[in-house]
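The next block holds one structure in the form of structure tokens; read it before the comments.
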Amino acid sequence: MWPSHRLADLGHGLNRLAKAGTHGYPPDTQRRLMILNMIAYLIVVTTLIYALQQTFLDYDRFWPIIHINFAIVAIVAAVPLVHRFGPVAAALLILITECAALFALTYYLGRNSGLHIQYIAFSAAAFVVFGLGRVWLILPSILVALVLHIVCWFWFPVGALPTDQNVLDSLYTQAAITTFGLIAAAVFYSFRLAENAKAETEALLRNILPDSIVERLKEKPTEHVADTFTDTSTLFADISGFVALARKLGAGETVSLLNTLVTMFDDLAERHGVEKIKTIGDAYMVASGVPVPVPDFAARLARMALDMQKAVDEVRAQTGYQITMRMGIATGPVMAGVIGRQKFSYDIWGDAVNLAARLENTSVPGRIHVCPDTYARLAAEFEFEPRGEIDIKGVGKQATWFLLSERQSPAAPPAA
């Protein structure tokens, strides 16, 4: 068994061979050209084996076939060098070479050799080597291959070179295997691309939308997604003094800082079973109880907020940047749905969402500001500090609290 480093070197070498001549092309085109390279290498190896076998078998009799095979090897080996002339140049080179070679070989060996059946593989291979978008090349290629196949059948019932039946049987077997293999490989490649595209699309959707919403869209893609949820909590958070900090740090360091924080918050959202709604600059919005209702929605979001504070403390200790976050949590009914057709998003709205935003705006750096409904639901499980009455836009004067920590042991609920 080969050592792992030898296998790694082999894989690296094959990858370099596959990528030969493809530099500078878009990823999709590059993948197609890499497949062409591997097809070319396979043709070179197998054809060279045939040529050597025939050389040692009977050079004097088979010299025309041997020369044709060596010509195929020389031409197809140049495929990686031909990519510089355009994305379809190598495909045309392979198809023209194979069409001409199969015609000549069938002339010398006759239709009983079965070589002409390899034209059938062109019906599938043309889609792979040219790409689905070049129907103007695919259809003529298939038509030419079909005509040559029929012509070989009627024109060459017996080959120009006298050949033993056992040799013809061997050639027919090889031709059948090659034809079936090429068609199977082309179909497999097509389905693989389709499955990969489907998986990539679904993965992208699941990064944008909640899983349950993705499933609903898959089942009924034309139906609007719109729901009302009674028991939810919403959290808004943003970095205090972010504009001044961003001006000081510059674009690169600012993006790096935000990416670090948002990544940590996203991990926390997944861990606590709450739904990230969106980020707007340095603002982060998350909700609990949507799109899947849960009984402990408020407690989940409270634990999320406390862990977000710890994450900010950790980043501050690592970077030395004096960053703090204001947060606001409100509890109440919301509406939710998928908005837009291009660059769509899952969003929520309602009085509770507006209140959470205003609580964040009137909070204190480093504190979690909560509404009366949130406090009433969580007072038995969490420690709070009264903020007193404040004037909230659109609501008026209202008593609010700061969330401090989770209690070690549950307390009695607050008096009504």
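The values are calculated or read from the model by the stated rules, or taken from the named source; none is laboratory data. Nothing here was measured: the structure is a model prediction, and the numbers come from that model. Cβ: placed from backbone, ideal geometry, glycine included. Neighbour counts: every protein chain shown. In case anyone asks, the SASA skips ligands and DNA or RNA and just uses the protein heavy atoms, side chains included. Shrake-Rupley method; radii C 1.70, N 1.55, O 1.52, S 1.80 Å.
Observations on the model:
- Count of the stretch 9-26 residues which are at pLDDT below 75 and open to solvent by less than 60 Å² (accessible area, probe 1.4 Å): 2
Results for (1) surrounded by 16 or more Cβ atoms within 10 Å (Cβ to Cβ); (2) closer than 17 Å to PHE85 by Cα, shown as yes or no for each residue.
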| residue | (1), (2) |
| --- | --- |
| ASP28 | no, no |
| MET34 | yes, yes |
| ASN37 | yes, yes |
| TYR41 | yes, no |
| LEU52 | no, no |
| TYR59 | no, no |
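- In the condition set (1) of a type outside the set (Phe, Trp, Tyr); (2) within 21 Å of ALA104 (Cβ to Cβ); (3) part of a helix (DSSP H, G or I), ILE183 is compliant with all but (2).
- The listed residues are TYR108, TYR172, and the only one of them that is assigned to a helix (DSSP H, G or I), at pLDDT 90 or above and hydroxyl-bearing (Ser, Thr, Tyr) turns out to be TYR108.
- Verdict on ALA197 being more than 30 Å from ASP351 (Cα to Cα), in a helix (DSSP H, G or I) and open to solvent by less than 40 Å² (accessible area, probe 1.4 Å): no
- Test: residue in the stretch 337-350 that is modelled with pLDDT of 85 or more, open to solvent by less than 70 Å² (accessible area, probe 1.4 Å) and part of a helix (DSSP H, G or I): no
- All positions within the stretch 215-240 that are open to solvent by 70 Å² or more (accessible area, probe 1.4 Å) and among the aliphatic types (A, V, I, L, M): ALA226
- Verdict on SER256 being small (Gly, Ala, Ser), assigned to a helix (DSSP H, G or I) and in contact (Cβ under 8 Å) with a residue 60 or more places away in the chain: no
- Near pairs, Cβ below 9 angstrom, 6+ apart or cross-chain, from the stretch 43-57 (in a helix (DSSP H, G or I)) to any residue that is charged (D, E, K, R) and surrounded by fewer than 18 Cβ atoms within 10 Å (Cβ to Cβ): GLN54/ARG61
- Residues in the stretch 355-397 that are touching a Ser or Thr at 6+ places or on another chain (Cβ under 7 Å), buried (at least 16 other Cβ atoms within 10 Å of the Cβ) and assigned to a loop (DSSP other than H, G, I, E, B): CYS371 alone.
- Total residues in the stretch 86-125, condition within 30 Å of the chain's Cα centre (by Cα) and either surrounded by fewer than 23 Cβ atoms within 10 Å (Cβ to Cβ) or acidic (Asp, Glu) (or both): 6
- Residue that is aromatic (Phe, Trp, Tyr), at pLDDT 90 or above, under 29 Å from LEU57 (Cα atoms) and touching a Cys at 6+ places or on another chain (Cβ under 8 Å), where the choices are PHE70, PHE156, PHE103: PHE103
- Taken as a whole, the condition of being hydrophobic (A, V, I, L, M, F, W, C), buried (at least 20 other Cβ atoms within 10 Å of the Cβ), over 43 Å from the mean Cα position of the chain (by Cα) and not in a loop (DSSP other than H, G, I, E, B) applies to ILE65.
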